[in-house]
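*Asks:* I'd like to ask you about the structure that follows.
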Amino acid sequence: LRAAQTQVHSNYMRSNELFNNIMFDDIWQFHTCFSTEPSSKLRFGANYNYGHRIARYALVMGRERSYGVWADIKPVDRFMIDTELNYLTSDNLDTGEELFSQFVFWTRFSLQVSRELSLRLVTQYNDRYDKWDLDPLLKYRINSFTLFYIGSTIDYRDTFQDRYGRTGWSITDRQYFMKLQYLFQI
């Protein structure tokens, strides 16, 4: 339909796996999700998963539950906001002990300044590690084979007290990158 679209789907997976020389039987997962696009300015959806999955770091079978919601919002032409909130938890299938629990909030802001120039900022918060990631990117693209971009990855963590006696949010990791690609025609 031109005005709006809605989709719903579900699936079921069942398997066995040999991982780290341990045989895990009866792995399964049920998944369902929906998405809808009521207009060209808004799309959103949600998903839910439940099953028995391998907790790979603990080498046990976990009862895993996850759900998420997302939205793509286009408030004005050339500007897009994509956002997601996901939650995942797993309990030891035999003992009921919680193996892990986390939510991740992710957002990408995209601005197409001109046909060639675009800006992007990706942010993510992970409550399991109490960590923010910020990833800005500037891209100038003349065509598919000639482009230039520059960006960085910046990680912030709430440090209770580091080795210098500082407390609060601080940068724990930072990288810069640049790429220049040019098509030479012979």
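*Asks:* Search segment 11-29 for residues that are on the phi > 0 side of the Ramachandran plot and pair each with any residue that is outside any strand (DSSP E or B) and at pLDDT below 95 when their beta-carbon atoms are under 8 Å apart and the residues are at least 6 apart or on different chains.
*Replies:* Close Cβ pairs (under 8 Å, with a partner that is outside any strand (DSSP E or B) and at pLDDT below 95) amount to Asn20/Arg56; Asn20/Leu59.
*Asks:* While we're on this one: Give the number of residues within segment 10-31 that are of a type in the set (S, T, N, Q), open to solvent by 40 Å² or more (accessible area, probe 1.4 Å) and within 23 Å of the chain's Cα centre (by Cα).
*Replies:* 2
*Asks:* Exactly one of (1) closer than 24 Å to Val76 by Cα; (2) open to solvent by 40 Å² or more (accessible area, probe 1.4 Å); (3) not small (Gly, Ala, Ser) is unmet by Tyr182. Its number?
*Replies:* Every listed condition holds for Tyr182 apart from (1).
*Asks:* Further question: Find the strands (runs of 3 or more DSSP E) located wholly in segment 80-171 whose residues include 1 or more that are in contact with a Leu (Cβ under 8 Å, 6 or more places away or on another chain), closer than 30 Å to Met61 by Cα and not charged (D, E, K, R), and list them.
*Replies:* The qualifying strands (runs of 3 or more DSSP E) are 98-112.
*Asks:* Being under 16 Å from the mean Cα position of the chain (by Cα) and more than 25 Å from Trp169 (Cα to Cα) narrows it down to one residue among Ser114, Ser90, Ser118, Ser110; which is it?
*Replies:* Details: Ser114 fails: under 16 Å from the mean Cα position of the chain (by Cα); Ser90 fails: under 16 Å from the mean Cα position of the chain (by Cα); Ser118 fails: under 16 Å from the mean Cα position of the chain (by Cα).
Matching residue, one of Ser114, Ser90, Ser118, Ser110: Ser110.
*Asks:* Let me ask something else. Within segment 139-159, track down each residue that is open to solvent by 60 Å² or more (accessible area, probe 1.4 Å) and in contact with a Ser or Thr (Cβ under 6 Å, 6 or more places away or on another chain).
*Replies:* If the condition is that a residue be open to solvent by 60 Å² or more (accessible area, probe 1.4 Å) and in contact with a Ser or Thr (Cβ under 6 Å, 6 or more places away or on another chain), then Lys139, Arg157 are the ones that fit.
*Asks:* What single numbered condition from (1) touching a Gly at 6+ places or on another chain (Cβ under 9 Å); (2) surrounded by 16 or more Cβ atoms within 10 Å (Cβ to Cβ); (3) of a type outside the set (Phe, Trp, Tyr) fails to hold for Pro136?
*Replies:* Pro136 satisfies every listed condition except (2).
*Asks:* Listed residues Ser118, Ser114, Ser101; which is crowded, with 16+ Cβ neighbours inside 10 Å and either hydroxyl-bearing (Ser, Thr, Tyr) or within 25 Å of Arg53 (Cα to Cα) (or both)? Walk me through it before giving the result.
*Replies:* On the way: Ser114 fails: crowded, with 16+ Cβ neighbours inside 10 Å; Ser101 fails: crowded, with 16+ Cβ neighbours inside 10 Å.
After applying the criteria, what remains is Ser118.
*Asks:* Take Ala58 and tell me if it is touching a residue at least 40 places away in the same chain (Cβ under 8 Å), farther than 30 Å from Val113 by Cβ and either hydrophobic (A, V, I, L, M, F, W, C) or open to solvent by 40 Å² or more (accessible area, probe 1.4 Å) (or both).
*Replies:* yes
The values are calculated or read from the model by the stated rules, or taken from the named source; none is laboratory data. Owing to the predicted nature of the structure, the values given are computational and were not obtained by experimental measurement. With ideal geometry, Cβ positions are generated from the backbone for all residues, glycine too; neighbour counts draw on all protein chains shown. These area figures cover heavy atoms from the full protein model, side chains too; ligands, DNA and RNA do not enter into them. Shrake-Rupley method; radii C 1.70, N 1.55, O 1.52, S 1.80 Å.
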